[in-house]
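*Asks:* Below you will find the structure I want to go over with you.
The values are calculated or read from the model by the stated rules, or taken from the named source; none is laboratory data. In this text, all values refer to a predicted model and were calculated from it rather than measured experimentally. For neighbour counting, all protein chains shown are included, and Cβ atoms are generated from backbone atoms with ideal geometry for every residue, glycine included. Keep in mind that these areas ignore ligands, DNA and RNA; they rest on the heavy atoms of the full protein, side chains included. Shrake-Rupley method; radii C 1.70, N 1.55, O 1.52, S 1.80 Å.
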Protein chains: 2
Amino acid sequence: MSTGPSRVAIVGLGLIGSSLSRALLAAGSQVAGWDADPEVRRRARALGVATEVFEEAAQAVPGAEVVVLAVPVGALAEAAGRIGGSLRAGQVVTDVGSTKVGVAEAVHGALPEGAIFVPGHPIAGTERSGPGAGRAELFAGRKVVLCPADARGPAGEAGAAVERVARMWQAAGAEPVALSPVDHDRIFALVSHLPHAVAYALMATVWRAESERPGLLTLSAGGLADYVRIAASNPVMWRDVFLANRMPVLEAIDAYASELDRLRELVATADADGLMAYFEAAAEARRRAVGEAPASTETHR
Amino acid sequence: MSTGPSRVAIVGLGLIGSSLSRALLAAGSQVAGWDADPEVRRRARALGVATEVFEEAAQAVPGAEVVVLAVPVGALAEAAGRIGGSLRAGQVVTDVGSTKVGVAEAVHGALPEGAIFVPGHPIAGTERSGPGAGRAELFAGRKVVLCPADARGPAGEAGAAVERVARMWQAAGAEPVALSPVDHDRIFALVSHLPHAVAYALMATVWRAESERPGLLTLSAGGLADYVRIAASNPVMWRDVFLANRMPVLEAIDAYASELDRLRELVATADADGLMAYFEAAAEARRRAVGEAPASTETHR
């Protein structure tokens with residue numbers, strides 16, 4: 001943890017925006033907030049999520065050391081457009097979108113000359129949404145990906161802007177990690193988008209079976225409950241993610257379909273040793289994931 | 001909850017056996033326990049899991065109103081063989097196996113004339129194993145499937161035996177549900193075995209990717225953590241389940257592969273409305289699963 005920036009603007013007060021706001025308030029920052037939804041603005045005010053929640057996005061921007069666009073990828077360009085006219089030269093803008101290829105282009109086109117954009121993605125979230133779901137600890141011990149090579153702005157100022165965004169996230173408890181947008185999107189297609197695709201397909205399968213035999217889901221146990229949680233995620237966000245990251249998601253689904261087919265063959269041929277080897281590789285992947293990222297599994301113990 | 005049987009024998013003191021034992025002790029029963037693993041017997045004694053833990057399975061049987069074979073499906077026939085010689089006419093035996101077709105035949109052949117077998121399957125579990133993982137509340141509010149039509153024993157005694165097993169589970173906090181073995185295996189292929197197959201295939205996919213790009217898993221977030229939990233389940237148990245329930249599991253995998261392919265097509269054709277409809281069906285399945293089986297998701301909130 002380090003001291004927060006003196007003033008931050010957060011455009012979008014859903015789960016991520018309101019959690020970041022709470023974390024930065026706790027770190028001593030002032031936060032100027034805004035959300036496109038009047039009801040979200042009203043709730044954010046009632047909950048004391050930000051220092052002040054404004055009626056117009058442009059009102060939140062003046063004096064902010066960092067302006068955070070905390071909206072889904074599909075709403076980024078519109079959000080950038082709303083604040084573009086109010087940004088001064090040298091002001092730093094970042095985002096929290098789940099995909100990164102193409103984001104710099106989409107946002108930068110809407111920003112005025114002299115503003116600096118740093119693409120970002122905090123690796124945290126829950127299946128819940130809205131300002132009421134936000135909590136100051138959401139980013140504690142989590143990583144935040146920044147794309148320094150894709151930072152856009154006046155020559156010579158991008159490095160300092162990346163530093164400023166990194167320090168803001170450190171103040172919220174997160175650890176900055178640098179990746180290129182292409183690497184980011186390939187990796188997250190595998191570790192995030194694919195798990196959601198897989199869960200949605202499973203829910204679709206059991207839902208079809210439930211329609212044919214009502215009551216089947218009342219017999220579900222722990223195995224299905226974990227998918228239920230994943231499939232509770234915001235559908236609009238996931239539609240946007242799948243569309244924005246189409247090719248890496250398709251490659252990940254194809255790689256997955258091959259592995260599932262390999263497992264199917266082991267079952268079809270009653271290959272007991274092959275099944276054990278398959279499960280043990282999964283256990284090894286598990287040990288690696290747990291050993292290297294304990295925080296991500298902690299809530300499920 | 002109701003009063004427990006005066007005395008129960010539990011053969012196998014892993015997660016399920018030790019949890020049932022703790023629940024029945026709490027309900028006032030005496031429990032005679034045994035496990036094939038000397039180290040498990042030692043730990044079960046040290047933990048006070050049962051009233052007494054014997055050195056031989058046959059020693060646990062005398063006087064038991066119900067004898068519970070709490071071992072994986074693949075070890076059922078052997079466990080039945082160990083106690084067969086000690087059973088008296090009229091003693092009631094049940095199991096906790098994850099598949100039910102063929103179980104009655106496998107067990108009944110090892111039991112003496114006059115003993116009565118009632119196939120059963122409590123719908124509870126965690127990814128942990130062993131007597132240390134057992135807890136008395138594991139079955140509270142959960143269902144236990146019994147297969148009354150497959151109960152085997154002297155004419156006229158099966159009905160009373162099913163009742164006795166049902167009352168034992170009620171004393172442990174569970175709710176008995178009657179199903180045929182065929183229905184049981186089809187339903188659990190979908191709501192339990194398929195979710196595990198899907199999770200194992202996902203772990204295999206990300207593990208392959210991690211091998212090609214070490215460090216990728218350190219960037220995983222909540223989406224993968226749920227699968228990590230599922231893939232931590234006992235591999236021997238799951239190998240046995242997949243082999244014992246091969247055809248229904250293959251049918252479930254095929255149904256799933258079709259749904260995944262349908263989702264892949266929606267992504268490939270950038271069908272935004274189709275994706276929303278797909279996700280909304282998953283959300284509907286979720287609401288049904290949560291609304292009708294709240295206990296199964298409670299631990300993840």
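*Asks:* What number, in percent, do you get for the relative contact order of chain A if the mean sequence gap of Cα pairs under 8 Å and at least 6 apart is divided by its residue count?
*Replies:* Working: 526 pairs, mean separation 50.2, N = 301.
It rounds to 17 percent for chain A.
*Asks:* I'd like to check one number: the per residue accessible area of the stretch B:101-210, probe 1.4 Å, reported in Å² as a whole number.
*Replies:* Details: 3660 Å² over 110 residues.
Roughly 33 Å² per residue, with all protein chains present.
*Asks:* Sticking with this one: Cα gyration tensor of the stretch A:42-181, axes a ≥ b ≥ c as square roots of the eigenvalues: rounded (a/c below 1.5), prolate (a/b > b/c) or oblate? Spell out each step's value before the answer.
*Replies:* Working: a/c = 1.59, a/b = 1.16, b/c = 1.36.
Here the stretch A:42-181 falls in the oblate category.
*Asks:* Which value results when the Cα radius of gyration for the protein assembly as shown is divided by 2.2 N^0.38 Å? Intermediate values should be presented prior to the final figure.
*Replies:* Working: Rg = 27.5 Å, N = 602, 2.2 N^0.38 = 25.0 Å.
Against the empirical 2.2 N^0.38 Å value, I get 1.10 for the protein assembly as shown.
*Asks:* To the nearest 100 Å², how much accessible surface do chains A and B cover up together, summed over both, with a 1.4 Å probe? Intermediate results must be reported in sequence, preceding the final value.
*Replies:* On the way: alone 15350 and 15310 Å², together 22120 Å².
Result for this pair: about 8500 Å² buried.
*Asks:* Follow-up question, since we're still on this one. How much of the accessible area of the stretch B:73-171, probe 1.4 Å, is carbon plus sulfur, in whole percent? If you can, show how the numbers build up before the last one.
*Replies:* Values: 1760 of 3640 Å².
On the stretch B:73-171, the fraction of accessible area on carbon and sulfur atoms equals 48 percent.
*Asks:* From other protein chains only, count the Cβ atoms within 10 Å of every residue's Cβ in A:177-188, then give the mean.
*Replies:* Numbers: counts 3, 0, 1, 0, 0, 0, 3, 1, 0, 3, 8, 5.
The mean count of partner-chain Cβ atoms within 10 Å per residue comes to 2.
*Asks:* For A:ALA149 and A:ARG287, what is the calculated FRET efficiency with R₀ set at 35 Å and r taken between the beta-carbons, to the nearest 0.05?
*Replies:* On the way: r = 33 Å, r/R0 = 0.94.
Taking R0 as 35 Å, the efficiency between A:ALA149 and A:ARG287 is 0.60.
*Asks:* Write down the accessible area per residue of the stretch A:229-273 in Å², having rolled a 1.4 Å probe over the full set of protein chains. Display every interim value, and only then the final one.
*Replies:* Values: 1840 Å² over 45 residues.
Here the per-residue accessible area is 41 Å².
*Asks:* Out of B:ALA26, B:ALA257, B:ALA64, any idea which swings most in a Gaussian network model of chain B, alpha carbons joined below 10 Å?
*Replies:* In this elastic network of chain B, the residue with the biggest mean-square fluctuation among B:ALA26, B:ALA257, B:ALA64 is B:ALA257.
*Asks:* Another one. What do you get for GluC sites (Glu not before Pro) in the stretch B:87-163 restricted to DSSP loop and a cutoff of at most 11 other Cβ within 10 Å of the site's Cβ?
*Replies:* Working: sites: B:GLU105, B:GLU113, B:GLU127, B:GLU137, B:GLU157, B:GLU163; in loops: B:GLU113, B:GLU127, B:GLU137, B:GLU157.
Here the GluC sites (Glu not before Pro) that fit, given the DSSP loop and packing criteria, are B:GLU113.
*Asks:* I've got another one for you. Mind giving me the FRET efficiency for A:ASP261 and B:GLU212? R0 is 30 Å, r the Cβ-Cβ distance, nearest 0.05 is fine. Working shown, then result.
*Replies:* Details: r = 19 Å, r/R0 = 0.64.
Rounded to the nearest 0.05, the efficiency is 0.95.
*Asks:* Please give me the summed charge of the neighbours of A:PRO176: other residues whose Cβ is under 13 Å from its Cβ, Lys and Arg +1, Asp and Glu -1. Before the final figure, lay out each step's value.
*Replies:* Values: positive: A:ARG142, A:LYS143, A:ARG164, A:ARG167; negative: A:GLU163, A:GLU175.
Its environment carries a net charge of +2.
*Asks:* Using only atoms on other chains, find how many Cβ atoms lie within 10 Å of each Cβ of peptide B:18-28 and report the average. Spell out each step's value before the answer.
*Replies:* Details: counts 0, 0, 0, 0, 0, 0, 0, 0, 0, 0, 0.
Counting other chains' Cβ atoms within 10 Å and averaging over B:18-28 gives 0.
*Asks:* Run the reach check for A:LYS143 against lysines, Cα to Cα strictly under 26 Å, same-chain hits fewer than 8 apart removed. What comes back?
*Replies:* Candidates past the 8-residue exclusion: A:LYS100.
*Asks:* Calculate the mean, over all residues of peptide A:246-259, of how many other protein chain Cβ atoms lie within 10 angstrom of the residue's Cβ.
*Replies:* Mean partner shielding for this stretch: 4.
*Asks:* Taking the Cα centre of chain A as the origin and placing charges on Cβ (Lys, Arg +1; Asp, Glu -1), which of A:GLY74, A:GLY33, A:GLN91 is farthest toward the positive end of the dipole?
*Replies:* A:GLY33
*Asks:* Please find the FRET efficiency linking A:GLU56 to A:ALA178, where r is the Cβ-Cβ separation and R0 is fixed at 25 Å, and quote it to the nearest 0.05. Don't skip to the end; give the middle numbers.
*Replies:* On the way: r = 34 Å, r/R0 = 1.36.
In this case the efficiency is close to 0.15.
*Asks:* Could you compute the net charge surrounding B:ASN245? Neighbours are other residues with a C-beta less than 13 Å from the C-beta of B:ASN245; K and R count +1, D and E count -1.
*Replies:* Values: positive: B:LYS100, B:ARG186, B:ARG239, B:ARG246; negative: B:ASP183, B:ASP185, B:ASP240, B:GLU251.
Every neighbour counted, the sum reads 0.
*Asks:* I need the inter-copy label distances for B:GLY141: point set 7 Å along Cα to C-beta, values in nm with one decimal, smallest first.
*Replies:* 2.6
*Asks:* Check each of the GluC sites (Glu not before Pro) in the stretch A:229-274 and keep only those in coil by DSSP with at most 14 other C-beta atoms within 10 angstrom; list them in order. Display every interim value, and only then the final one.
*Replies:* Numbers: sites: A:GLU251, A:GLU259, A:GLU265; in loops: none.
Here no loop site has a sparse enough neighbourhood.
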